[in-house]
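Notes follow once the structure below has been shown.
The values are calculated or read from the model by the stated rules, or taken from the named source; none is laboratory data. Just so we're clear, the structure is a prediction, and the values are computed from it rather than from any experiment. Cβ atoms come from the backbone with ideal geometry, glycine included; neighbour counts cover every protein chain shown.
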Amino acid sequence: MRVVRIACLLLVLLLAWLQYRWWLGTGGKHDVQALQQQVQAQAADNAARQQRNDALSAEVHDLTDPSSGGEAIEERARNELGMVKPGETFYRVVKDPRAPVQVKPADDGPAH
């Protein structure tokens, strides 16, 4: 009978030690949850960077594509550098800073 009690006590102690390791120990549940959150954050960051890389790749393709006839390069020169073709006249429309600001009413959706 004494051997059974000692075996049960050892099993209970082993179970308690395993539970402690599972909940609070290194590599336990809390560490796994923290790592899962880091993986999710990294995946979101990777998706954003992939989208940016795709946009840059498309822009590079537009700038180097010989079939476009240089239209993308011309557009960038006009928009970013303010360049004009010979014989063109450049006009810049500037809003009057003293003009009253018009506020549009908020759209609350369809009326019932």
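Observations, loosely collected:
- Leu63 vs. criteria out of contact with any Cys (no Cβ under 6 Å at 6 or more places or on another chain) and in contact (Cβ under 8 Å) with a residue 12 or more places away in the chain: yes
- Matching option when the condition is part of a helix (DSSP H, G or I) and without any contact (Cβ under 8 Å) to a residue 24 or more places away in the chain, among Ala44, Ala99: Ala44
- Filter pass, Val84 being exposed (fewer than 10 other Cβ atoms within 10 Å of the Cβ) and farther than 30 Å from Leu18 by Cβ: no
- Filter result (assigned to a helix (DSSP H, G or I) and exposed (fewer than 10 other Cβ atoms within 10 Å of the Cβ)) within segment 57-78: Pro66, Ser67
- Meets criteria (modelled with pLDDT of 90 or more and not in a loop (DSSP other than H, G, I, E, B)) for Leu18: no
- For segment 49-97, the set of residues classified as modelled with pLDDT under 80 and of a type in the set (Lys, Arg) consists of Arg92 only.
- Test: residue in segment 28-35 that is over 26 Å from the mean Cα position of the chain (by Cα), surrounded by 10 or more Cβ atoms within 10 Å (Cβ to Cβ) and small (Gly, Ala, Ser): yes
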